[in-house]
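What follows is a single structure, written as structure tokens, with notes after it.
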Amino acid sequence: MRRFVALQLGVTALFAALVLVVFGGGDEPAARWWVALALFALVLVAGAWVARSWSRPAPLAADDPDPRDTALRRLSSHIARAFLVLEIPLVISAVLGLAGLIGGGVMLVTVVAALAALVFGTWPTRRNVDRFAAALEQGGASSGLREAFSR
């Protein structure tokens, strides 16, 4: 799972770097910097949603025949969904750049904030795994996630 997240983060960082190179430096007029603030706010909203979602999965069924496998599948789905949500500001930024509405300087604000949010929002840290496992185990079934990530 960590390799998957690292690969996704690497591909996103590479894509973001290429977009920044294509759109150049920060020579936009000051009137366009309000867009940077709006995109930064969008990153914050997406990051807050993902941070809350780590502790909100539905509990595992007590009669689940393979709770660890189910927990890992649900965690994988959660991480994929978190990537989707956290990449929205990057996509919007790229579309605005292609439309000629913003340049590289405004994009840089979005890219730095979005990459930081991606790292903190998708990496299966001990805290995130504990929160996800605790939510899954509310019904009494052991998820086995802590053991899977303790290696």
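The values are calculated or read from the model by the stated rules, or taken from the named source; none is laboratory data. What you see is a predicted model; the values in this text were computed from it and never measured. No Cβ is skipped: glycine too gets one built from the backbone with ideal geometry, and neighbour counts run over all protein chains shown. The protein model used for the area step is the full one, side chains on, heavy atoms only, and it has no ligands, DNA or RNA in it. Shrake-Rupley method; radii C 1.70, N 1.55, O 1.52, S 1.80 Å.
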Self-check item: Debye intensity ratio I(q)/I(0), log10, segment 56-114, q values 0.19, 0.21 Å⁻¹ (C-alpha model)
Solution: -0.71, -0.79
Exercise. Would you mind checking the tilt of helix 67-98 against the longest principal axis of the Cα atoms of the chain, expressed as 0 to 90 degrees and rounded to 10?
Key: 10 degrees
Quiz item: Roughly what angle does helix 33-53 make with the longest principal axis of the chain, taking Cα atoms, 0 to 90 degrees, to the nearest 10?
Solution: 0 degrees
Quiz item: Charges only on Cβ, +1 for Lys and Arg, -1 for Asp and Glu: so what's the dipole of the chain about the Cα centre, in debye to the nearest 20?
Solution: 260 debye
Quiz item: Counting only protein heavy atoms and using a 1.4 Å probe, what share of the accessible area of the chain belongs to carbon plus sulfur, as a whole percent?
Solution: 67 percent
Quiz item: Sorted by accessible area with a 1.4 angstrom probe, largest first, how do ILE102, ILE92 fall?
Solution: ILE92, ILE102
Self-check item: Accessible area of the chain divided out per residue, in Å², using a probe of 1.4 angstrom
Solution: 55 Å²
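Provide the gained length on full extension for the span ALA17 to ALA58, in nm with one decimal, where the gain is 0.36 nm per separating residue minus the Cα-Cα distance.
Contour length minus Cα-Cα distance gives 11.1 nm.
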Exercise. Return the FRET efficiency for the residue pair THR125, GLN8: r is the Cβ-Cβ distance, R0 is 25 Å, and the value is rounded to the nearest 0.05.
Key: 0.95
Quiz prompt | Crossing angle, helix 2-23 versus the chain [Cα axis fit, 0-90 degrees, rounded to tens] | solution = 10 degrees
Quiz prompt | Ranked order, PHE149, PHE132, PHE4 - accessible area, probe 1.4 Å, largest first | solution = PHE4, PHE149, PHE132
Quiz item: Toward the positive end of the charge dipole of the chain, about the Cα centre and with charges on Cβ (Lys, Arg +1; Asp, Glu -1), which of LEU86, VAL19, GLY140 goes farthest?
Solution: GLY140
